[in-house]
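Everything below concerns the one structure shown next.
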Ligand code: SF4
């Protein structure tokens, strides 16, 4: 009986007339939920549902997944290629042949005039693994530019860099099943319930079976912090100090796993010497967490039979993002918490296929976790593709965040942007506008014609979206899953794989290399190239991926399930087989609040939206929950400035200004405000985005702003409405 009601009304599910369900994988976040799209008698996608037999989501979907079939019919999809002479002119519709010929001829012209690296490519974490690999083949083997990177530099490159520095290779060592085995979970900069709702549900499910402490480190009282046993409201940008202090206590009190340190790590002496300096008294003054709590958390973590750490953008998007990930790895290495059930460093990725680009895109090197710096790797890939290895550069070129300043400096003249939207996602919008306006040639390849970056393009190529094509994604726990082709793309939109192959066929060197036409044909190359390597795909086929609802790599030939964890034998990817403990001194180099700009500006995601709202902003059932740029502000701070709940406020930083609707809440402390990062002409008009020295990832979450009430509320309301228009 529900609250006194004798008769429970039956739940009525509207009959949408589904005649057929087609298997696929969610195309938003990196959780990797298996999803079925329902088609009616006319072949129209009318419903989405979670797949009960999939281990990842066990029938669940979050809000975004539930409405994902509506994506196929969203507004402002690109239907035909567009061209114009300059970004001030109107676009004109054109044929694919003309748009592709123009793109190929501009690549040749720019490279012929200014050199190979004067043409750059910036891609994404959203397209299929087979498409990433093909784009890499095109960029590295045909076009030959070394200025090729993806938007994963804005979200995951600190994790990649941190894993490489600690373990000798990228690759998250743990999996969701670790929640079922852990005895203590420490979360850094991760608002799991909003960012990865189904991973959060897996955690809740584990907690229902067995209680274990949840410790959340976040400057804001996020949804995750609200359910935590201990919330550490850390001073922005100081995670490294806290992590060094935790290691200090563990070593000082003899709580470390000395056997594991001796057998499986190098660099212990230097690391231990450094963390000696980070006693909790000294650390508390920098990171804002009191010394008793530091002691308590260190003891809890080290005494748990198995303890795990998860981290997301709160760690990555920082000037010491890479160091933060390494410091988490240090903590888990000294406590012997790598490669065992419930003991891991799990960086939770952002985009649906951020892992696929890390593995196969060649952005940071060559496919299959090979590097440009390694001669054997260059020879292997050149041999496989049938080209000369001398064509490859001997070290990686610019990261995405360095490509834009290189355009500003005049070193790069042409750019190809694929399924990403730097006009909204990069720091300092005004500067990015100027930079894009400087390009001699910009080609934008995207499913949506109204993606803001397209304002500056000369050619627009309309791409197919998510399940309008076929291929694979890899999720956060290294699970490769299949996206089947559910329906056809609209009008003349084409799969990204087709577009890459067409560009290759128009360039001289494209004739030297085989470009398979089908995604499955490309997947076969991945299986061959990965055989015997850490990310072995050789045991996977499309048929098996659908049947098993995804397989985790390494999955060797004959292997039916794949491996849930890495480093279970304590052997790492460095030549000596040991992981590195790395001494990490803290350098405080962020922009901090001062008299002129007295507030920390923090940014992040809300559950209803994804990235720059290119998709979710057009789905009514998502957009209605969060339609407008807003700011969380502490009531005390607002009162002092005469700012009221649901009024408008203007923020200024040293870069620009932004207008937001005010939401008063105790979630943020008096010296901090929070703004969702999804909205165009909003938070990134303010951010500075200093770069991490290893990963070149921007510190989106640490800069300072001033705030004032807006005098003309009516005008502000109109501007706010304009900012949310779709
Ligand atoms: S949790 Fe992520 S993968 Fe799962 S349905 Fe939601 S957006 Fe999709």
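The values are calculated or read from the model by the stated rules, or taken from the named source; none is laboratory data. Here the structure is a predicted model, which means the values were calculated and not measured. Cβ placement follows ideal geometry from the backbone for every residue including glycine, while neighbour counts extend to all protein chains displayed.
Of all residues in region 664-691, those being out of contact with any strand residue (DSSP E or B) (no Cβ under 8 Å at 6 or more places or on another chain) and part of a loop (DSSP other than H, G, I, E, B) number 6. When residues in region 103-121 are screened for being touching a strand residue (DSSP E or B) at 6+ places or on another chain (Cβ under 8 Å), surrounded by fewer than 24 Cβ atoms within 10 Å (Cβ to Cβ) and within 25 Å of residue 696 (Cα to Cα), 1 of them pass. Against the criterion of being under 24 Å from residue 196 (Cβ atoms) and under 24 Å from the mean Cα position of the chain (by Cα), residue 371 does not qualify. Among the residues of region 356-384, the ones that are crowded, with 20+ Cβ neighbours inside 10 Å and part of a helix (DSSP H, G or I) come to 7 in all.
Just one of the listed residues (473, 515) is assigned to a loop (DSSP other than H, G, I, E, B) and crowded, with 18+ Cβ neighbours inside 10 Å, namely 515. Does residue 302 satisfy the condition of being within 32 Å of the chain's Cα centre (by Cα), within 30 Å of residue 31 (Cβ to Cβ) and not in a loop (DSSP other than H, G, I, E, B)? Criteria met by residue 302.
Set side by side, the residues 48, 34 differ, and just one is within 30 Å of the chain's Cα centre (by Cα), surrounded by 11 or more Cβ atoms within 10 Å (Cβ to Cβ), within 14 Å of the ligand (Cβ to nearest atom) and without any contact (Cβ under 8 Å) to a residue 60 or more places away in the chain, which is 48.
Would you confirm, using the coordinates I've provided, whether residue 575 is surrounded by fewer than 16 Cβ atoms within 10 Å (Cβ to Cβ) and either touching a strand residue (DSSP E or B) at 6+ places or on another chain (Cβ under 7 Å) or modelled with pLDDT of 90 or more (or both)? Yes, satisfied. Residue count for region 525-536, restricted to those that are buried (at least 16 other Cβ atoms within 10 Å of the Cβ) and either touching a strand residue (DSSP E or B) at 6+ places or on another chain (Cβ under 7 Å) or in a helix (DSSP H, G or I) (or both): 5.
Is it the case that region 83-102 has a residue that's more than 16 Å from the ligand (Cβ to nearest atom), in contact with a helix residue (DSSP H, G or I) (Cβ under 7 Å, 6 or more places away or on another chain), closer than 29 Å to residue 398 by Cα and assigned to a helix (DSSP H, G or I)? Yes: one or more hits. The residues listed here are 636, 560; of these, the one that is surrounded by fewer than 18 Cβ atoms within 10 Å (Cβ to Cβ) and at pLDDT 95 or above is 636.
One line per residue, one yes/no per condition, for (1) within 30 Å of residue 366 (Cβ to Cβ); (2) buried (at least 23 other Cβ atoms within 10 Å of the Cβ); (3) within 16 Å of the ligand (Cβ to nearest atom):
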residue: 166; (1), (2), (3): yes, yes, no
residue: 173; (1), (2), (3): yes, yes, no
residue: 188; (1), (2), (3): no, yes, no
residue: 191; (1), (2), (3): no, yes, yes
residue: 236; (1), (2), (3): no, yes, no
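No other residue among 226, 195 is surrounded by fewer than 17 Cβ atoms within 10 Å (Cβ to Cβ), closer than 26 Å to residue 318 by Cα and out of contact with any helix residue (DSSP H, G or I) (no Cβ under 7 Å at 6 or more places or on another chain) apart from 226. Of everything listed in (1) farther than 18 Å from residue 451 by Cβ; (2) part of a loop (DSSP other than H, G, I, E, B); (3) within 16 Å of the ligand (Cβ to nearest atom), the single unmet condition for residue 126 is (1). Does any residue of region 547-557 turn out to be within 16 Å of the ligand (Cβ to nearest atom), buried (at least 21 other Cβ atoms within 10 Å of the Cβ) and part of a helix (DSSP H, G or I)? So far as region 547-557 goes, no, none of its residues is within 16 Å of the ligand (Cβ to nearest atom), buried (at least 21 other Cβ atoms within 10 Å of the Cβ) and part of a helix (DSSP H, G or I). Candidates in region 67-82 are the residues that are buried (at least 20 other Cβ atoms within 10 Å of the Cβ) and assigned to a loop (DSSP other than H, G, I, E, B); of these, the one that is nearest to the ligand (Cβ to nearest atom) is 78. When residue 597 is tested against the conditions (1) crowded, with 19+ Cβ neighbours inside 10 Å; (2) within 28 Å of the chain's Cα centre (by Cα); (3) over 30 Å from residue 385 (Cβ atoms), the lone failure is (2).
Taking residues in region 474-489 that are without any contact (Cβ under 8 Å) to a residue 60 or more places away in the chain and closer than 30 Å to residue 81 by Cβ, and partners anywhere that are within 15 Å of the ligand (Cβ to nearest atom) and assigned to a loop (DSSP other than H, G, I, E, B), the pairs with Cβ atoms closer than 8 Å and at least 6 places apart or on different chains are 489/465. Could you please give the count of residues in region 55-66 that are within 10 Å of the ligand (Cβ to nearest atom) and either crowded, with 22+ Cβ neighbours inside 10 Å or assigned to a loop (DSSP other than H, G, I, E, B) (or both)? So the answer is 7.
I'd like to know if region 12-25 contains one or more residues that are surrounded by 21 or more Cβ atoms within 10 Å (Cβ to Cβ), modelled with pLDDT of 95 or more and touching a strand residue (DSSP E or B) at 6+ places or on another chain (Cβ under 8 Å). Show your work before the answer.
Taking region 12-25 first, the residues surrounded by 21 or more Cβ atoms within 10 Å (Cβ to Cβ) are 24-25.
With the extra rule that they be modelled with pLDDT of 95 or more, the set shrinks to 24-25.
Then keep just the ones that are touching a strand residue (DSSP E or B) at 6+ places or on another chain (Cβ under 8 Å); that gives 24-25.
Within region 12-25, one or more residues are surrounded by 21 or more Cβ atoms within 10 Å (Cβ to Cβ), modelled with pLDDT of 95 or more and touching a strand residue (DSSP E or B) at 6+ places or on another chain (Cβ under 8 Å).
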